[in-house]
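Chemist: Please read through the structure below; I'll follow up with questions.
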């Protein structure tokens, strides 16, 4: 049967033949709206789409999504706003790459995964309506036996110790962290904040931490987030011989990291007594306050009983976010708490250098929805290798050239040389880098490219600037303005 639609209004045709609506268009719209959990206008969504679509057809697509329970809407006319329903989550890769013009994760911008890790990633990147809603599984924690159960196999633990050991292992707790404190403070504050969607650049973060100057045009909450990391890291380093997996340490870490960021200030440093949700996931955390308290204490007791520092670190990265013991800021607490055994034993800290936000979140979702740790483990190991390389704990294990830097070698060199010859300060340089990157670098590579350029700038000294074809007089003149 063939329907003649020549004289029909297009929206009527779509309503009668709903299967004719291209699935990729609906997914693309959902992918955009999901980035705005507090609501977004239709015009803003349409501008963000990677393809052109007539206004009336676009409006019909929105109505279809509302009818299917994927979007909520409020208001009329141009003031109408849309936001995702609680169960809506669409990862950008759910939309065909030829339409979205994005790249699937590759070995350059996504950690190398094990076969099990790839399997988990495939499952949790499926649209939310294909994923089974789940609640907190207490058996996942109960099944763990300290020094019997091991999320990190023996060979991985040996590898991490080999690359993470320092010459200060017999010195008082925190000695190594104090030696690299300035670098650690910037790296961990910036990377942990970046994994929460913070848009400060590395240079802007350094300026904020050193001078207390917020970046122009940035949200105050972003500055607060970074400054909170500073005070939390200070606690871990200054009290390295006292902190541990106990209520004092973890509750105070939460209080420091959440200061001035929660709607209810009384929730800072307190185990929650209200239900919480997890955006972008079909996982529903535990809701009964007494059970949350009991599980929280069980996590601390279990972690404290683990003898291997790397197993301790990974265990807390798995179970603190999974329980969601606080109203918010749970993942941040877990990332800093993972450094407790490393700082105490003078091992190289974990600062999440180069870790893609998507890879980290995928690993967390694997724990939330499947109680599988392998994907997060792949990310953890890769992240620790990168952190160790940053702090020069090892050189040989990552001796291969960085293919990403090799690809953009000329662009990196030109930007750095230009900044130095123009004698730009940190604030101006951060703005200039952002402007150049937005024009010259593909969108999917922009975050990593920016980090590399800023890291190179911050690492310059009299013994290495010649590789950017600079003269001594140019470097010396620039140093006077670099603040």
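The values are calculated or read from the model by the stated rules, or taken from the named source; none is laboratory data. Note that the structure is a prediction, hence the values are computed from the model and not measured. Here Cβ is always computed from backbone atoms with ideal geometry, including for glycine, and neighbour counts include all displayed protein chains.
Chemist: Taking only the stretch 458-469 into account, find how many residues are assigned to a loop (DSSP other than H, G, I, E, B) and buried (at least 17 other Cβ atoms within 10 Å of the Cβ).
Modeler: Within the stretch 458-469, residues that are assigned to a loop (DSSP other than H, G, I, E, B) and buried (at least 17 other Cβ atoms within 10 Å of the Cβ) number 1.
Chemist: In this structure, does residue 334 turn out to be over 20 Å from residue 370 (Cβ atoms) and either in the same structural domain as residue 161 (by TED's automatic domain parsing) or out of contact with any strand residue (DSSP E or B) (no Cβ under 8 Å at 6 or more places or on another chain) (or both)?
Modeler: no
Chemist: Which count do you get for residues in the stretch 129-163 that are touching a residue at least 40 places away in the same chain (Cβ under 8 Å) and either within 20 Å of the chain's Cα centre (by Cα) or outside any helix (DSSP H, G or I) (or both)?
Modeler: The number of residues fulfilling the criteria is 13.
Chemist: What single numbered condition from (1) surrounded by 14 or more Cβ atoms within 10 Å (Cβ to Cβ); (2) without any contact (Cβ under 8 Å) to a residue 60 or more places away in the chain fails to hold for residue 409?
Modeler: (1)
Chemist: Answer yes if at least one residue in the stretch 191-200 is without any contact (Cβ under 8 Å) to a residue 24 or more places away in the chain and either within 25 Å of residue 446 (Cβ to Cβ) or touching a strand residue (DSSP E or B) at 6+ places or on another chain (Cβ under 6 Å) (or both), and no otherwise.
Modeler: Yes, the conditions are met somewhere in the stretch 191-200.
Chemist: Go through the stretch 307-358 residue by residue and tally those that are assigned to a loop (DSSP other than H, G, I, E, B) and farther than 29 Å from residue 167 by Cα.
Modeler: 7
Chemist: All but one of (1) over 20 Å from the mean Cα position of the chain (by Cα); (2) more than 21 Å from residue 384 (Cα to Cα) hold for residue 222; state the number of the condition that does not hold.
Modeler: The failed condition is (1).
Chemist: Here is a list: 93, 88, 34. Which entry is within 23 Å of residue 366 (Cα to Cα), touching a strand residue (DSSP E or B) at 6+ places or on another chain (Cβ under 6 Å) and either outside the structural domain of residue 365 (by TED's automatic domain parsing) or at pLDDT below 50 (or both)?
Modeler: It is 34.
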